[in-house]
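Following: one structure in structure tokens, then a few remarks.
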Amino acid sequence: MNWNNLIQISFYLAALLLAVKPLGTFMASIYEEKPAGFNTWLGSLERCLYRVCGVRADVGMTWKEYAVALMLFNALGIVVVYIIQRFQGSLPLNPMELPAVAADSAFNTAVSFVSNTNWQGYGGESTMSYLTQMLALTVQNFVSAATGMAVLVALARGFIQKQTRALGNFWVDIVRTTLYILMPLSLILALLLVSQGVPQTFHSGAVATLVQPVKDGTGNTVTQQVIALGPAASQIAIKQLGTNGGGFFNANSAHPYENPTPLSNLLQMFSILLIPAALCYTFGYLVKDLRQGWALLAVILTIFVPCLLWSVQIEQRGNPLLTRLGIDQSATMFQSGGNMEGKEARFGIVSSSIWSVATAAASNGSVNSMHDSYMPLGGMIPMWLIQLGEVIFGGVGSGLYGLIAFVIVAVFIAGLMIGRTPEYLGKKIEAQEMKMSALIVLIPPLIILMLTALSVSVAVGKVGILNPGAHGFSEILYAFSSASGNNGSAFAGLSANTPFYNIALGLAMFFGRFWLIVPVLAIAGSLSSKKIVPVSPGTLPTHTPLFVFFLAIVVVVVGALTFFPALSLGPIVEHLMLNGAQ
Amino acid sequence: MWREQIRPAFMVFIVLTVITGVIYPLFVTGVAQIFFYKQANGSLLYAEDGSVVGSSLVGQNFDDPRYFWGRPSATSPAYNALASSGSNLGPSNPALVAAVRARIAALKIVDPENQAAIPIDLVSASASGLDPHLSLAGAYYQLSRVARLRKLPEAKVRQIVQQNISGRFLGLAGEPVINILKVNLALDSLN
């Protein structure tokens, strides 16, 4: 850790926190139908859209209707994304003449993009036509993000309303989220990224004559470099803002076209956490107690910031095996030093480490460096943040509704300790809420650990491993954590584009998403039908530093206890062996 | 309960697909092509005869000692701009140590007198396999070799390197680096 590292981290966090209130207020206004610019200018267009689509915008849905609408819409998304990939060979906008995607890979990608995971078993530039990237993938980048935010807003309504069954209208929520929140932000970000050098073109790749010819693997001389291009900026903008993370190119945001400069990198890192952070404020605004929103953000930062500092320190220290070869890994005026394998020179250590922690915390999953090549503990931090349940920021909407499930668990535990009926935001927490919250907290670890255990026991699972020993186990554990947490980043050495992994990871993503959404909506429905209990001297305040600390402990203890044995077999043992080897 | 949601499901899906999957990317493309023509089309570099020699954002492989070398690339062949990728080698993988040893040996063969410690950027594979940049330390390490083999004064080579530095954004974000392809093109244009 040096001064430059600290300055870069502080600058990033300050910029992020400054945006929380303005954006949070704006989003709350959109959901409360207060005039906020776009919704007044485009209001007639929105109403026209509902007429065309047969949406009765003023009719609220019960939680079951809401869930059915959501599942129908997402099932349709999976089918359409699958079909477009399977027929892209005979569809237009395919200048590189790419063939149809294989069935197992197409299934995996369809679930991946619909579930806001954006796990990519394929290499973008060599697999997907421009049409597929736009019409299938970019669309899901928007609507999967909107789905998560809609569920959060429905849950917030559960707290505000009393003795009502309607939670709002799913169609209205996703249309407004897409048109008024995601679209304007994406337009701005996309154009800023183009200005930095991210391509946005429909031409096929460019062909360059190499300055110095190279030999390929078979000894033939290569004199040309074919450079893949495409309409990348428009997709990259929403991939960051919607915590999607699916890259246009295989190397994701490490690719110099996807993330060309320090400024483009800063803008993208900022966008990764922007909406998840601001939604905390939005939630506080919607439940008419801003302190509650700030308290949730404080819990998130309590866990996030130490991870950030620790990660930078580990990566900056470098690889002891390379130090012994006489390599200079020190940080100087002329180099960032540290563990640079799998990192880009323009980002160095600090911009790579911040990104790895932010992308894992936020369920984004885009990468600007290769997590597989991080030091053992440097790679464990993102993996562990995912395993906490993607609630430290988490996906847009999904992170916060996950954290609220932890809040329910925490007030229940606190209620047991002080001998009072647990309440949160004026609603009694009873058996139904506790059962559903327990499902939300327990389903992801179950999926991750069972599928990891399966994969390391069968030959088709083990054959995909790249790195030997404990690190190979980490690759598989990371893959299922990422899929179940709807993150999408990888220890990418794992060859996951096989029928076994495509199907296993596809199922992990599907259940990791929708098996949580349904219980969340059930909680919303149950809360909404309850009375509001007035605050009394016996009420446990949930905005105090004490509660913030208590909730952080609950999140960490659940995550640590569940995954400590598995992490011991992977990154921890690798760390001990690597340093013991000195 | 679900029947009345079928029509909205299809219609909202179609309408949002048109807005986010057609209008949005086309609009961004239109604006980008008008205002940022060079960047939107890949920041390509052209020779005097108009042919494309590369992109200022996509690195090329150099292993001739008369050129500055960039980051090692894990793609096949090196710097394959159709299949970007890192090595994904873990920190404890013996294959990583072997690869670094081979890179050290290659650097020592072409510059046996140089006793300085080799900067990490020169022996570690980049994340994309297309990294166009190198740390300043990596460039300065190679300076005397390139100057000697090109029979140029070191000051002249140093000047070319320094002309191709891009610094931190506002002095705050990212790392200062040099663009290897641009430096090598500038060196070639001298001879």
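The values are calculated or read from the model by the stated rules, or taken from the named source; none is laboratory data. Note that the coordinates shown come from a computational prediction; the quantities given were computed from them, not determined experimentally. Ideal geometry is used to build each Cβ from the backbone, glycine not excepted, and the neighbour counts take in all protein chains shown.
Filter segment B:151-175 down to the residues that are farther than 27 Å from A:L267 by Cα and within 14 Å of chain A (Cβ to nearest Cβ), then identify the one that is farthest from the chain's Cα centre (by Cα).
Of everything passing the filter in segment B:151-175, B:R158 is farthest from the chain's Cα centre (by Cα).
In this structure, does A:A146 turn out to be touching a helix residue (DSSP H, G or I) at 6+ places or on another chain (Cβ under 8 Å), at pLDDT 95 or above, buried (at least 23 other Cβ atoms within 10 Å of the Cβ) and within 13 Å of another protein chain (Cβ to nearest Cβ)?
Criteria met by A:A146.
Consider only pairs whose beta carbons are under 8 Å apart and that are at least six residues apart or on different chains; among these, list those whose first residue lies in segment A:438-458 and is without any contact (Cβ under 8 Å) to a residue 40 or more places away in the chain and whose second residue is charged (D, E, K, R).
A:V456/A:K462
For segment A:409-497, give me every one of the helices (runs of 4 or more DSSP H) that falls completely inside it and has 3 or more residues that are within 14 Å of another protein chain (Cβ to nearest Cβ).
Of the helices (runs of 4 or more DSSP H) lying wholly inside segment A:409-497, those with at least 3 residues that are within 14 Å of another protein chain (Cβ to nearest Cβ) span A:470-484.
Would you point out which residue out of A:G24, A:G43 is in contact with a Leu (Cβ under 8 Å, 6 or more places away or on another chain) and of a type outside the set (S, T, N, Q)?
Among A:G24, A:G43, only A:G24 is in contact with a Leu (Cβ under 8 Å, 6 or more places away or on another chain) and of a type outside the set (S, T, N, Q).
Please find, among B:I178, B:I165, the residue that is closer than 19 Å to A:E344 by Cβ, touching a residue at least 24 places away in the same chain (Cβ under 8 Å) and touching a helix residue (DSSP H, G or I) at 6+ places or on another chain (Cβ under 6 Å).
B:I178
Could you list all residues from segment A:27-46 that are assigned to a helix (DSSP H, G or I), in contact (Cβ under 8 Å) with a residue 60 or more places away in the chain and under 18 Å from A:L286 (Cα atoms)?
Residues satisfying the conditions are A:M27, A:A28, A:I30, A:Y31, A:N39.
Can you pull out every residue in segment A:149-170 that is surrounded by fewer than 24 Cβ atoms within 10 Å (Cβ to Cβ), under 22 Å from A:G43 (Cβ atoms) and in contact with a helix residue (DSSP H, G or I) (Cβ under 6 Å, 6 or more places away or on another chain)?
Selection gives A:G168 alone.
Tell me which residues, restricted to segment A:355-371, are more than 10 Å from every other protein chain (Cβ to nearest Cβ) and outside any helix (DSSP H, G or I).
A:A362, A:S363, A:N364, A:G365, A:S366
Would you check which residues across segment A:537-557 are within 25 Å of A:E390 (Cβ to Cβ) and touching a Gly at 6+ places or on another chain (Cβ under 8 Å) and list them?
Hit for segment A:537-557 is A:V555, nothing else.
Quick check on my filter: what residues within segment A:300-346 are more than 27 Å from A:N265 (Cβ to Cβ) and out of contact with any Pro (no Cβ under 8 Å at 6 or more places or on another chain)?
Passing the criteria: A:P320, A:T323, A:R324, A:L325, A:G326.
Any idea how many residues of segment A:492-510 are out of contact with any helix residue (DSSP H, G or I) (no Cβ under 6 Å at 6 or more places or on another chain) and among the aromatic types (F, W, Y)?
1
Condition test on A:G338, is it more than 17 Å from A:N259 (Cβ to Cβ) and in contact (Cβ under 8 Å) with a residue 40 or more places away in the chain?
no
Restricting the first residue to segment A:280-304 and requiring it to be closer than 19 Å to A:V396 by Cβ, which pairs with a second residue that is of a type in the set (F, W, Y) and surrounded by fewer than 21 Cβ atoms within 10 Å (Cβ to Cβ) meet a Cβ separation below 7 Å and a spacing of at least six or different chains?
A:G284/A:W294
Specify which of the listed residues (B:G70, B:G50) is more than 7 Å from chain A (Cβ to nearest Cβ) and farther than 17 Å from A:H203 by Cβ.
B:G70
From B:Q39, B:Q5, which residue is part of a helix (DSSP H, G or I), within 7 Å of chain A (Cβ to nearest Cβ), free of Cβ contacts under 8 Å to residues at least 40 places away in the same chain and farther than 30 Å from A:L70 by Cβ?
It is B:Q39.
Hey, could you check segment A:249-295 for residues that are more than 9 Å from chain B (Cβ to nearest Cβ) and of a type in the set (D, E, K, R) and say which is nearest to B:S43 (Cα to Cα)?
A:R291
Would you mind finding the one in B:I104, B:I109 that is crowded, with 16+ Cβ neighbours inside 10 Å, more than 14 Å from the chain's Cα centre (by Cα), part of a helix (DSSP H, G or I) and without any contact (Cβ under 8 Å) to a residue 24 or more places away in the chain?
Of B:I104, B:I109, the one residue that is crowded, with 16+ Cβ neighbours inside 10 Å, more than 14 Å from the chain's Cα centre (by Cα), part of a helix (DSSP H, G or I) and without any contact (Cβ under 8 Å) to a residue 24 or more places away in the chain is B:I104.
Quick check on segment A:311-347: of everything there that is within 7 Å of another protein chain (Cβ to nearest Cβ) and of a type in the set (V, I, T), which residue is surrounded by the fewest Cβ atoms within 10 Å (Cβ to Cβ)?
A:T332
Any chance segment B:107-119 includes a residue that's in contact with a helix residue (DSSP H, G or I) (Cβ under 8 Å, 6 or more places away or on another chain), at the interface with chain A (Cβ under 7 Å from one of its Cβ atoms) and within 26 Å of B:S166 (Cα to Cα)?
Checking segment B:107-119: at least one residue is in contact with a helix residue (DSSP H, G or I) (Cβ under 8 Å, 6 or more places away or on another chain), at the interface with chain A (Cβ under 7 Å from one of its Cβ atoms) and within 26 Å of B:S166 (Cα to Cα).
Given the conditions (1) crowded, with 24+ Cβ neighbours inside 10 Å; (2) out of contact with any helix residue (DSSP H, G or I) (no Cβ under 8 Å at 6 or more places or on another chain); (3) more than 7 Å from every other protein chain (Cβ to nearest Cβ); (4) not polar (S, T, N, Q), report the number of the one that B:L130 does not fulfil.
Of (1) crowded, with 24+ Cβ neighbours inside 10 Å; (2) out of contact with any helix residue (DSSP H, G or I) (no Cβ under 8 Å at 6 or more places or on another chain); (3) more than 7 Å from every other protein chain (Cβ to nearest Cβ); (4) not polar (S, T, N, Q), only one is false for B:L130: (3).
With the requirement that a residue be under 23 Å from B:L143 (Cβ atoms), among the acidic types (D, E) and assigned to a loop (DSSP other than H, G, I, E, B), what does segment A:319-354 give you?
Matches in segment A:319-354: A:E344 only.
Please go through segment B:134-150 and pick out each residue that is within 21 Å of A:P262 (Cβ to Cβ) and surrounded by fewer than 20 Cβ atoms within 10 Å (Cβ to Cβ).
B:Y140
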